[in-house]
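Quick notes on the structure that follows.
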Amino acid sequence: MEDKKILIITYYWPPAGGPGVQRWLKFAKYLPEFGWKPIIYTPENPSYPLLDESLMKDVPDDLEIVRTKIWEPYQLAEKLNKSNKKFKAGQFDVGNNQSWKSKLSIWVRGNFFIPDARVFWVNPSTKFLEQYLKINNIETIVTSGPPHSMHLIGLNLKKKFPDLKWIADFRDPWTEISYYKHLKLTNRSAKKHRQLESEVFKNADITLATSYTDADNFRKSGANAFCITNGFDETDSNPQTLQPSNSPTQFTLSYIGVLEQLRNPENLWEALDNLVKTNSDFAENFNLKFVGRIDDKILEVIEKSSLKNHIQNLGYVSHDKAVDEMAKSSLLLITNFPNDSSKGIIPGKIFEYLATGKQIISFGPNEADVSKILDETKAGKHFGYNDSKKIEDFILEKFELWKNGNLLENTQNIEQFSRKNLTKQLVQIL
């Protein structure tokens, strides 16, 4: 029996780096095992904020990839202000760090490009895919956002072909994401964003969320929503294959990934600063490691504290190298936006953290979905951005265990988050 075809419309695809690309890369890797043939539709000349050639190894040799040209206004934005490079990854300066150029750029980005700057690919893609779907007898499509422009391609195709099965996959929310309120939207623009989001929710046959809270919120907004979290791939990281050499010689707290100003755990830096000042044993053994892109303004503050001589900043590395650095850590840091509307964000890296068996310290709003996962897997502790003394106590407890050789790798119930099991869940929904 011939495999069923599924067309995946995604902006991010290898050699793009970062967690966003991995979700559908891994689904595409495992879908054929369940009787589905994935076909990827992606831009020919995208402007990616990060590149990671190591992810190319996960692209199946026989995978069909269809590409068309895209026009993006990022070169214009970067001429106006160099820091606008952050826009590509949904980041920008906030608060006192905003210059007038930043404010102007953010206003233009929010009000002129709705839902985002990839919107110029929507109409050409709709036109191209109308023919492609007919010729290739494709009955099921997926749109993966952000960028949420991808969902507008799905919306247009669904209107052209009402019998087409359309899955709108939201790796992050649209109007509920934390930076939405920082976009300096006019009332008219805000209304347009919400109207488009509502149309996607009502017209998609299935809306996928990456967290339990997001799925609930989408259902309240009229979507037929299901949660399939992100996960880890056993072929990337396996606790059983970690080498003894991966045990760190220093008590190493590592942050892997991109850290921007909106998710900056200032209370953690203060707690660590205090521990280094008051505990000579801790100071002698402590190492703060950054693997990825850390906002310059955050680094500036940390480097003015007692942590200055304890920082190891490796910069952006390949995904393979990042997984290796996780394994070489004692404690892994994860951060989320502080506001309650971000309870449902589950950063993709948490699952790879889980696969290493290492303990995790997390920051974000109270009662967050991340907290539920950490409790269920016994993998660490979640804190709010107002906690202070509890953070020091937790870190010291883990430090003492590490010093005595007892910082156990004792995660539980993590198999449910393997990419293969998650693909099985997806197929059941399909």
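The values are calculated or read from the model by the stated rules, or taken from the named source; none is laboratory data. None of the values given here were measured: they were computed from a predicted structure. As a convention, Cβ positions derive from the backbone with ideal geometry for all residues, glycine included, and neighbour counts pool all protein chains shown. Keep in mind that these areas ignore ligands, DNA and RNA; they rest on the heavy atoms of the full protein, side chains included. Shrake-Rupley method; radii C 1.70, N 1.55, O 1.52, S 1.80 Å.
Observations
- The average projected area of the stretch 267-398, computed from the convex hull of its Cα atoms over all directions, is 7.9 nm².
- Straight-line reach from Lys158: taking Cα to Cα under 16 Å and skipping same-chain neighbours fewer than 8 places apart, the aspartates and glutamates in range are Glu130, Glu139, Asp169, Glu197, Glu199, Asp205.
- Of the solvent-accessible surface of the stretch 186-320, computed with a 1.4 Å probe and all protein chains present, 45% belongs to carbon and sulfur.
- Less than 5 angstrom separates the built amide H of Gly380 from those of Ile360, all sequence-distant by 5 or more or on a different chain.
- For the stretch 118-233, the alpha carbon positions stretch 42, 36, 28 Å along the principal axes, listed from largest to smallest.
- Reduced Cα scattering model of the stretch 328-378, Debye log10 I(q)/I(0), q = 0.17 Å⁻¹: -0.46
- Only DSSP H runs of four or more residues enter the estimate; each adds -39500 (n - 2.57), and after division by the residues of the chain the mean residue ellipticity at 222 nm equals -11500 deg cm²/dmol.
- Leu51 - accessible surface, heavy atoms, 1.4 Å probe, Å² rounded to 10: 100 Å²
- Of Lys349/Lys424; Lys5/Lys378; Lys308/Lys390; Lys304/Lys372; Lys165/Lys192, pairs whose Cα-Cα distance is over 31 Å: Lys5/Lys378; Lys304/Lys372
- Gain in span if fully extended, Asn366 to Leu63, counting 0.36 nm per residue against the direct Cα distance: 104.9 nm
- Set against the 2.2 N^0.38 Å expectation for a compact globular protein, the stretch 1-77 has a Cα radius of gyration ratio of 1.17.
- When the convex hull of its Cα atoms is projected in every direction, mean area for the chain (nm²): 20.5 nm²
- Longest exposed-site-free window of the chain, the sites being GluC sites (Glu not before Pro) in a DSSP loop that have at most 16 other C-beta atoms within 10 Å: 235-366
- Solvent exposure of the chain as accessible area per residue, Å², 1.4 Å probe: 44 Å²
- Probe 1.4 Å, all protein chains present, accessible-area order of Arg188, Arg171, Arg219, largest first: Arg188, Arg219, Arg171
- Just checking the listed ones, Asp233, Asp172, Asp281: in the Gaussian network model of the chain with Cα springs under 10 Å, the one fluctuating most is Asp281.
- Gain in span if fully extended, Asp296 to Gln428, counting 0.36 nm per residue against the direct Cα distance: 43.1 nm
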